[in-house]
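Chemist: Here it is: the structure, laid out below.
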Amino acid sequence: MGGQPWVPPPLPVDPDSAQAAARHVLHPRHWDVLAAIAVGGALGSVARWSLSQAFPTRPGEVPWGTLLENVSGAALIGLLMVLVFDVWRPHRYARPFLGIGVLGGYTTFSTYALESRDLFADGDGTLALGYLLGSVVLGLAAVGAGVWIGRSVAAGVHRRRPDLSAGQES
């Protein structure tokens, strides 16, 4: 009693964050990673465009294409992070190409925000709020499902290949 208040330890810095990027200058040895991100982004954007063409948005309706893109992208990012950190051997291009590039190009916050604004502007406030909140709730649930699936896959891989779990704590 009366001691110092508990202060949580600092969180690790994600190497992809702006905080980490501010400490680094793009060196020539990083251009290959930038190229991997660009190619992945192009592929993800084409996939997003294709899905939006398959599910066109009509005024006054839920933008199903964008919802599907963002929720499936959230599930894939949850799965990917488990695979990258717990299953696959470290690879220089896995996170930049798949996580930042492909999934960054595939998911879209800007279209989600614009479509929400359009629903409000068209007088569909209830639908707009449902879309805004539903997208967040479904996205969080999808990340959780992706992580759960990834951990199930990782557990199966580690059972079959004990060499992959050597040195890791349970």
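Chemist: With Cβ to Cβ distances under 12 Å as the rule, what net charge do the other residues near S116 carry (K, R +1; D, E -1)?
Modeler: Once all neighbours under 12 Å are counted, the net charge is -3.
Chemist: Continuing with the same structure: Compute the separation of the alpha-carbon centres of region 31-78 and region 94-154 and state it in Å as a whole number.
Modeler: With region 31-78 and region 94-154 each reduced to a Cα centre, they are spaced 10 Å.
Chemist: Provide, for q = 0.15, 0.17 Å⁻¹, the log10 of I(q)/I(0) from a solvent-free Debye sum over equal Cα point scatterers in region 29-162.
Modeler: Values, matching the q order: -0.78, -0.93.
Computed from the coordinates by the stated procedures, all read-outs in this text should not be read as laboratory data. Just so it is clear, the model here is predicted, and its values are computed rather than measured. Cβ atoms come from the backbone with ideal geometry, glycine included; neighbour counts cover every protein chain shown.
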